[in-house]
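Working notes, beginning with the structure itself.
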Amino acid sequence: MTKRLITIDDLLALKWVSDPQLSPDGTRVVFVQTVVDRAADTYHAHLWMVSIAGGEVRQFTSGEHRDALPRWSPDGRWIAFLSDRGAGETAPGTRRPKKLYIIPADGGEAQLLVPNAYHPTDIAWAPDGQRLAFVGKLPQDEPSSDVRVITRIRYKFDGDGFWDGRYKHVFTVAIPNPAALAVSSGADASNAVQQLTRGDFDHVDPVWSPDGRSLAVIANRNPDGDVSNITDVWLLPTSGGELRRLTRSVGPCAQPAWSPDGAEVAYYGHDNAAMNATNTNLWVVPASGGDPVNLTHSLDRSLEHHIITDMRAHPQVGGPRWSASGEGLFVLIAEGATGQLGVVDRRRSEVRVLTSRRREIFGLSIVGDRVVIAASDPLTPGDLSTMSVADPTAERRLTAVNQPLLDELTLSVPEGFTYEGADGWPIEGWVMRPAGAPDGAPAATVLQIHGGPHGAYGEAFFHEFQLLAANGFAVVYTNPRGSQGYGQRFTSATHHDWGGKDSEDILRGLDAAIARYPFIDSAALGVAGGSYGGFMTNWILGHTDRFKAAVTMRSIANHLSQWGTSDLAFMKGFFEFPGEPWDAPTWYWEHSPLAYVERITTPLLILHSEQDLRCPIGEAEQFFAALKKLRREVVLVRFPHESHDLSRIGQPGHRAERLRWIVKWFVEHLPRSVSAPARESAAVDGGSA
């Protein structure tokens, strides 16, 4: 087969797998597969099924909607899931509310359990299979006015929009008699819904105790909860009654998990409320009360998914999983540029890493000795694999959802290298050669900078990078200080120093790549980044003129303005910066790219979503206005209805348009090798949603 280069159109042809869930007997896996509907310019997501023994991957649900969060009943006869089917039309950029359904695991019609008025999320089966717990909101009438009255600082959240005045609570819903359920229309089971939590607090992550008498939940019920990141584990009687506080944290807690004997509750968390870059640890606390124990205090790594890519946003990886014996807990470890599966010995607090492949793990399910993961590597957007705990090296692939497409493509293989950062620390970096280019041909090069700053680039598929390589560009990217996966000191080293040694780490990485790879044309350099990476792009342009073109995305220009207009930036003075804006106004300004905008001469493309509540559109507007007033070359491209996650889960047509602008900008401003122009039209002109 004659190979071809990747295009923008190929992004819209990809299939994305997520959230694999093993059946209770460990023989089947249900998972979510998402595809693009080009005609409707949207996504559809369905449940699929595959046997652990291998064989045909079978579509389990269908239709023009999005199904999510499949969860098996304890007896394996039913699957509960969320779906926006039948939700009707919504305004552009607005998520359709989901309902809670149940469907026979051997196939059949899905039956409605909880209507979308409750906005159900976080579903969990009772051990006896007779009830489901879920997180939801009390139904309310449509407001009589469109005027918003704001009384709390957390009144908006990126991707969700404005807070509607309702707190998240834990509810249960009874499962009707299976025989009756099988023939019912499932019209509305809301009369079977019971509210278990109350008050002006959010309650999330409900998990049933083995005896079904209690639920462990996570809540911030502190008096200053609106401006605090501190959450606790609480126990809630499933028959109703008062909550009992199980922890007294000084930091965040999340994703509780009961031990098989019900004696303990494990959870993720850390004990530093002032540091969002703090490693997430595994803790256990007696269910009867007592002091929590940190089981991973000696592991200088965080237990979380940390890798940034344009293939997914906020994947459902889940919390710790107890072994059947209760002697160990399975966790996902952020190890450098990879995700690894580990097991923590409950008694000895020892961590054993079970896997070693260089890849991103973004989904995990374990039943007994059987493990299923969803994973990606630089040449594979994502598939499911299975292994045993006893022999994790004997891994078998269960899906190959994009293989026909991948077989057509010539992809660029990232080449890793290590260099010395600003403090002599070893730092990981990668170079991608222009796809299909002659060896040694000089290449214009784009330096990519990741967001966070406490995420990380990793051993994962990145369509945007492959697209640049297909258009004749080399790509350089690094994990400078602040990146997760390299230890606490490294991750928190950006605190109070945005634009300092972090920028030095990044530019040292580019210099190291130029020295190591002679084909990189140092006279034809571009730079691009999003979020914190957009801040850093803006910052670098005000401190060097070595780049011939730049693209800044969902960026920050002015820390003072972002502080009060972002959904989360008001917390930066607590953990990232040396105080609030009124405590350190000079620091805020001197570390803002806008303060140095007069120095910028590099042609700049600004890409920004109009509904970005993390880095609001005003950041782009300020930078654009300043550069226009200074008569610099600058273009602002605004994406209506989109959030901070445009590049990952934005409207397909907007994602394609964004990529067209990036390629066009660098094609027009960076001279490339003689072999590159023939490839240009495939990406710039191809692929409209």
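Values in this text are rule-based calculations from the coordinates and carry no lab data. From a predicted model like this one, the values you see are computed outputs, not experimental measurements. Cβ coordinates were reconstructed from backbone atoms using ideal geometry, including for glycine residues, and neighbour counts include every protein chain displayed.
Overview of values
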item: Degrees separating the helix 652-669 axis from the principal Cα axis of the chain, which is the longest one; result: 20
item: Label-point separation, S325 to H496 (7 Å along Cα→Cβ), nm; result: 4.7
item: Lysine pairs within the chain, Cα separation less than 15 Å, 8 or more sequence positions apart or different chains; result: 6
item: With eigenvalues of the C-alpha gyration tensor scaled by 5 and rooted, region 28-67, Å; result: 23, 9, 7
item: Linear extension gain, A39 paired with D407, 0.36 nm per residue minus alpha-carbon span; result: 129.9 nm
item: Calculated FRET value between R352 and R77, using beta carbons and R₀ = 41 Å, to 0.05; result: 0.70
item: Helical mean residue ellipticity (222 nm; -39500 (n - 2.57) per DSSP H run of 4+; nearest 500) of the chain; result: -4500 deg cm²/dmol
item: Cβ-placed point charges (K, R +1; D, E -1), dipole of region 307-411 about Cα centre in debye, nearest 20; result: 380
item: Neighbourhood charge, 10 Å Cβ-Cβ cut-off, centred on R433 and excluding it, Lys, Arg +1 and Asp, Glu -1; result: -2
item: Dimensions in Å of region 461-553 - Rg and Dmax from alpha carbons; result: 13.6, 38
item: Contact order relative to length of region 223-295, as percent, for alpha carbon pairs under 8 angstrom and 6 or more apart; result: 23
item: Karplus-derived HN-Hα couplings along region 130-144 (A = 6.51, B = -1.76, C = 1.60, θ = phi - 60°), whole Hz, x at Gly and Pro; result: 8, 9, 10, 9, 8, 9, x, 10, 5, x, 9, 6, 4, x, 7
item: Percent of Cα-Cα distances greater than 22 Å, calculated over region 579-678; result: 46
item: Rg(Cα)/(2.2 N^0.38 Å) for region 403-533, N = residue count; result: 1.06
item: Dipole of region 415-684, positive direction: furthest Cα of F519, H450, G424, with charges on the beta-carbon; result: F519
item: Intensity falloff of region 415-684 expressed as log10 I(q)/I(0), Debye formula with alpha-carbon point scatterers, at q = 0.16, 0.17 Å⁻¹; result: -1.27, -1.44
item: Fraction in percent of alpha-carbon pairs per bin - 10 Å, the chain; result: 3, 15, 25, 28, 20, 8, 2, 0
item: Tilt relative to the chain, helix 532-541 - C-alpha long axis, 0 to 90 degrees, to 10; result: 10
item: Charge dipole (debye, nearest 20) of the chain; +1 at Cβ of Lys and Arg, -1 at Cβ of Asp and Glu; result: 320
item: Using alpha-carbon coordinates, inclination of helix 617-629 to the longest axis of the chain, degrees; result: 10
item: Local electrostatic count at G421 - Lys and Arg +1, Asp and Glu -1, tallied over other residues with Cβ under 14 Å; result: -4
item: Modelled FRET efficiency - R0 41 Å, A174 with I150, Cβ distances, 0.05 increments; result: 0.65
item: Backbone HN-Hα couplings from phi across region 505-514 [Karplus 6.51/-1.76/1.60, Hz, Gly and Pro as x]; result: 4, 5, 6, 5, x, 4, 4, 5, 5, 4
item: Alpha carbon centroid spacing (whole Å) that separates region 144-159 from region 74-142; result: 26
item: Three-way shape call for region 218-290 based on the alpha-carbon gyration tensor, with the a/c threshold at 1.5; result: oblate
item: Sum of side-chain charges, G212 neighbourhood, beta-carbon under 9 Å (Lys, Arg +1; Asp, Glu -1); result: 0
item: Farthest positive-ward along the chain dipole, Cα basis, beta-carbon charges - from W72, L332, I218; result: W72
item: Inter-label distance, nm, simple model (7 Å from Cα along the C-beta direction), S288/R397; result: 5.1
